[in-house]
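Just below is one structure, and these are the notes that go with it.
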Amino acid sequence: MPTTDLCVIPRPRQVSFRESGFRPNVDTQIALLPTADEAAFFAAQQLQAEIEEALGLRLLIIKTARSVRLENLIVLAEDPDALAAYLQRDGGWAGDLRDHGDQAYRVDIEPRGVVAVAASAVGLHYGVQTLRQVARTAGPIWPACRILDWPALRYRGLMLDVSRGKVPTLETLKLLVDRLSFCKANVLQLYTEHTFRFPHHPRIGEDCGSLSGEEILELDAYCRQRHVELMPNLNSFGHCAHVLNLPEYAHLAESAARWSLCPTDEATYEFLDDLYGDMLPAFTSRVFNVGCDETWDLGKGRSAQAVAERGTGRVYLEHILRLRELAARYGRTIQIWGDILLHYPELVAELPEDVTLLDWHYEAEEDYPSVRLFADSGRSFWVCPGTSSWNTLFPRIDNSNANIRTLAQLGAEHGAQGLLNTDWGDHGHYQPIGQCWYGYVAGAEQAWTGGQTEEDDLDARFGPLFFGLGGEEVVRAIRLLGSLNTLPGMPRRNASHSIYALLDEPLVGPMAREIPAETLQSIREGCAEAEGLLRGAYAASRDPLSIEEMLYSLRMMDYAAHKVLATQRIRADLSALAAGAEGAQKKLTTAADTLKALEEELVPLTQLLREIWLRRARRSEIEITLGHLARLRERFEAARAWLKTCQEELAAGRAPDYNLSAYEAEAQKYEILGQGFRRRMREAGVPLD
């Protein structure tokens with residue numbers, strides 16, 4: 001029997017199947033050894049709840065000095081020798097677990113009973129998660145098998161951006177922890193630039209839905225109980241615009257771009273010491289991600305002289321060493337993003353050995369040579385792929401699957417300590433979390449198996465585990481919607497054109513030229529097919545809210561395709577009129593009516609966005625995303641006004657400018673997504689191109 005017949009995520013390393021199975025019944029008990037602690041009891045309660053939900057059986061949890069009976073028990077143990085004594089038999093558990101580390105576990109499912117055993121609390125936790133998944137998907141008879149399992153990478157985490165517009169509610173963050181823990185992931189980072197309430201600096205993150213120290217304390221305790229390490233994360237060099245644009249902190253900026261902190265100003269380190277002192281004590285983790293990526297303006301402002309004297313790489317390294325010193329005051333070691341040091345590989349060897357490098361790449365490649373560079377340096381490092389869920393209306397699933405798997409393979413092969421999967425929120429974090437679960441689970445899966453899991457294998461298990469009955473149809477919809485990003489004209493580096501199609505200027509935007517009409521029609525057809533699949537699975541789903549979120553996103557994708565098709569038709573009509581075609585008034589009226597209808601369609605879509613957002617997140621900075629749609633409506637109004645002017649010129653006997661030259665010049669002021677940011681950086685002397 002193949003391992004795919006066991007619906008468990010991540011796929012266990014070793015599974016051997018036997019005849020028959022175990023049938024839980026009202027007399028089955030969950031047994032703890034007499035040495036079991038609170039962690040083991042919590043694991044037993046998780047399993048108890050899962051079985052009750054799946055089978056309607058409320059099993060009794062017992063903790064006795066000696067086994068009451070030897071059959072019809074589900075025994076949970078974190079000491080293989082004590083288990084042998086308790087059951088009066090040696091199942092070879094100690095030998096199997098001995099060489100596979102403290103996260104290894106073994107599960108035996110036999111007709112007479114079940115055993116989950118490990119040599120640590122965390123190993124037992126993972127064994128119980130496997131049993132929970134068996135209980136959820138196997139029905140009344142659990143397949144008889146022996147599972148021996150351990151991870152390829154010690155740390156398997158997710159970094160969620162909470163600083164680009166959206167801060168999840170505490171309830172949502174706890175749900176995220178539950179799902180990560182269920183899939184044996186053990187790290188969560190919340191990427192932070194400003195969305196934490198710093199008691200000594202209350203203006204930072206004000207009115208942004210920022211997380212408080214009290215909330216972090218509560219979340220940290222919740223994580224620990226589920227064997228997830230909540231690691232603090234605060235960008236401490238570049239990406240500081242939210243702070244530096246506040247007047248009272250502008251003096252700390254490296255340049256007029258107000259992007260990076262100045263590394264040659266001692267006030268920078270006094271300020272960061274304040275922030276660290278306000279933030280770090282709320283976390284129990286001893287690891288701290290200080291960021292330090294994309295320091296685009298380093299050396300282009302106040303540190304120019306230092307850079308001229310010592311070099312950009314050296315000044316960067318000196319800043320990292322200062323951050324390491326600050327973090328050490330609070331008992332932390334640091335992680336940093338590795339992108340800047342890739343430009344100065346000769347300096348990597350100068351990093352203290354307790355600094356961990358985070359090697360990030362988000363585009364699918366066959367190889368990532370930097371993994372070997374960091375491995376050869378002898379420094380500890382993690383590989384960091386992404387969910388490809390940002391800068392797109394629906395995640396670029398094909399890209400993320402390949403990106404995650406290849407980095408997991410290379411990381412396992414070259415000695416990475418961990419894998420940190422990333423979910424960014426560029427330009428407003430408009431993507432709902434419901435369409436990101438697949439990417440999160442893919443990261444946990446591949447980190448555990450070292451990138452050895454095939455996509456079809458993951459798909460077959462993801463649907464039933466997370467969506468229940470009809471889960472296969474949900475996965476079909478996810479893969480279909482993801483594949484629309486690969487159609488001709490849709491791919492874009494670190495993005496897809498779906499979001500650009502949504503926000504593109506309705507008369508002169510480039511998407512009408514770049515995306516073929518055939519692609520746009522295929523998107524509409526694909527959205528309709530995916531909608532049917534999702535609606536068919538909705539009633540019986542374990543997670544109807546995530547389905548609602550995906551339905552929202554496909555509506556946005558369908559609207560975006562419809563909008564660009566309309567632009568193409570209008571542009572074709574205008575070109576025909578410029579060439580002398582008849583029926584100008586009718587064509588102009590039709591164009592204006594089309595644009596008005598598209599503008600009116602945005603009203604319910606905007607309201608739906610608000611509703612979907614507030615189901616999982618605080619209001620936070622929703623105005624960023626609402627602002628995108630509000631400015632698009634303004635462009636619809638401007639386009640209709642221009643068409644009206646054309647009609648008036650016709651009535652007066654004058655020839656309108658069907659080539660749109662004057663209109664296009666005025667429309668240049670309309671900027672979408674990162675265009676305004678790039679312009680401001682250029683104006684500040686920091687071009688990004």
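Among the residues making up region 62-94, those that are small (Gly, Ala, Ser) and either surrounded by 13 or more Cβ atoms within 10 Å (Cβ to Cβ) or without any contact (Cβ under 8 Å) to a residue 24 or more places away in the chain (or both) are SER67, ALA77, ALA82, ALA84, ALA85, GLY91, GLY92, ALA94. Considered as a group, the residues in region 413-450 that are small (Gly, Ala, Ser) and in a helix (DSSP H, G or I) include one that is nearest to PRO385 (Cα to Cα), and that residue is GLY443. Under the condition of being without any contact (Cβ under 8 Å) to a residue 60 or more places away in the chain and aliphatic (A, V, I, L, M), the residues counted in region 632-662 number 7. The residues listed here are THR284, THR264, THR295; of these, the one that is at pLDDT 95 or above, farther than 28 Å from ARG682 by Cβ, assigned by TED's automatic domain parsing to the domain that holds ALA327 and not in a helix (DSSP H, G or I) is THR284.
Scanning region 634-659 for residues that are within 17 Å of ALA576 (Cα to Cα) and of a type in the set (A, V, I, L, M, F, W, C) turns up LEU643, CYS646, LEU650, ALA655.
Only one of the numbered conditions (1) in contact (Cβ under 8 Å) with a residue 12 or more places away in the chain; (2) part of a helix (DSSP H, G or I); (3) in the same structural domain as GLY411 (by TED's automatic domain parsing) is violated by ALA135, and that is (3). In region 147-191, of all residues being among the aliphatic types (A, V, I, L, M) and part of a loop (DSSP other than H, G, I, E, B), the one that is farthest from ALA412 (Cα to Cα) corresponds to VAL167. Taking the numbered list (1) surrounded by 14 or more Cβ atoms within 10 Å (Cβ to Cβ); (2) under 30 Å from LEU170 (Cβ atoms); (3) touching a helix residue (DSSP H, G or I) at 6+ places or on another chain (Cβ under 9 Å) in turn, ARG618 passes all entries but (3). Every condition in (1) more than 20 Å from the chain's Cα centre (by Cα); (2) buried (at least 20 other Cβ atoms within 10 Å of the Cβ); (3) in a helix (DSSP H, G or I); (4) of a type outside the set (Lys, Arg) holds for ILE499 except the one numbered (1).
One line per residue, one yes/no per condition, for (1) under 20 Å from ASP273 (Cβ atoms); (2) touching a residue at least 60 places away in the same chain (Cβ under 8 Å); (3) surrounded by 15 or more Cβ atoms within 10 Å (Cβ to Cβ):
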residue: GLY205; (1), (2), (3): yes, no, yes
residue: CYS208; (1), (2), (3): no, yes, yes
residue: ILE216; (1), (2), (3): yes, yes, yes
residue: TYR222; (1), (2), (3): no, no, yes
residue: VAL228; (1), (2), (3): no, no, yes
residue: PRO232; (1), (2), (3): yes, yes, yes
residue: ALA241; (1), (2), (3): no, no, yes
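Selection of first residues in region 663-675 that are within 14 Å of ALA639 (Cβ to Cβ) and of second residues that are assigned to a helix (DSSP H, G or I) and not aromatic (Phe, Trp, Tyr), restricted to Cβ pairs under 7 Å at least 6 apart or on distinct chains, gives the following pairs, ordered by first then second residue: TYR670/ARG631; TYR670/ARG635.
Inside region 654-683, residues that are out of contact with any Gly (no Cβ under 9 Å at 6 or more places or on another chain) and farther than 17 Å from LYS587 by Cα make up a count of 19.
Restricting region 398-420 to residues that are of a type in the set (Gly, Ala, Ser) and touching a helix residue (DSSP H, G or I) at 6+ places or on another chain (Cβ under 6 Å), the residue that is nearest to GLU445 (Cα to Cα) is ALA408.
One line per residue, one yes/no per condition, for (1) within 23 Å of ARG258 (Cβ to Cβ); (2) touching a residue at least 60 places away in the same chain (Cβ under 8 Å):
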| position | (1), (2) |
| --- | --- |
| ALA304 | yes, no |
| PRO345 | no, no |
| VAL348 | no, no |
| THR356 | no, yes |
| ASP359 | no, no |
| TYR362 | no, yes |
| TYR368 | no, no |
| ARG379 | no, no |
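Quick one: is ARG513 in a helix (DSSP H, G or I), touching a His at 6+ places or on another chain (Cβ under 7 Å) and assigned by TED's automatic domain parsing to the domain that holds ILE570? No, not satisfied.
A single entry from ALA560, ALA592, ALA540, ALA528 fulfils the requirement of being exposed (fewer than 15 other Cβ atoms within 10 Å of the Cβ), out of contact with any Gly (no Cβ under 7 Å at 6 or more places or on another chain) and hydrophobic (A, V, I, L, M, F, W, C): ALA528. Quick one: is LEU341 touching a residue at least 24 places away in the same chain (Cβ under 8 Å) and within 26 Å of the chain's Cα centre (by Cα)? Here the answer is yes, as LEU341 does meet what is asked.
Restricted to region 1-34, and to residues there that are part of a loop (DSSP other than H, G, I, E, B) and at pLDDT below 95, the residue that is surrounded by the fewest Cβ atoms within 10 Å (Cβ to Cβ) is PRO2. Checking each residue of region 543-564 against the condition of being under 23 Å from ALA665 (Cβ atoms), more than 23 Å from the chain's Cα centre (by Cα) and at pLDDT 95 or above gives at least one match. Of everything in region 564-589, what is under 22 Å from ILE515 (Cβ atoms) and either loosely packed, with under 15 Cβ neighbours inside 10 Å or hydrophobic (A, V, I, L, M, F, W, C) (or both)? Give them in sequence order. The answer is VAL564, LEU565, ALA566, ILE570, ALA572, LEU574, SER575, ALA576.
The values are calculated or read from the model by the stated rules, or taken from the named source; none is laboratory data. Note that the structure is a prediction, hence the values are computed from the model and not measured. All Cβ positions, even for glycine, are placed from backbone atoms using ideal geometry, and neighbour counts span all protein chains on display.
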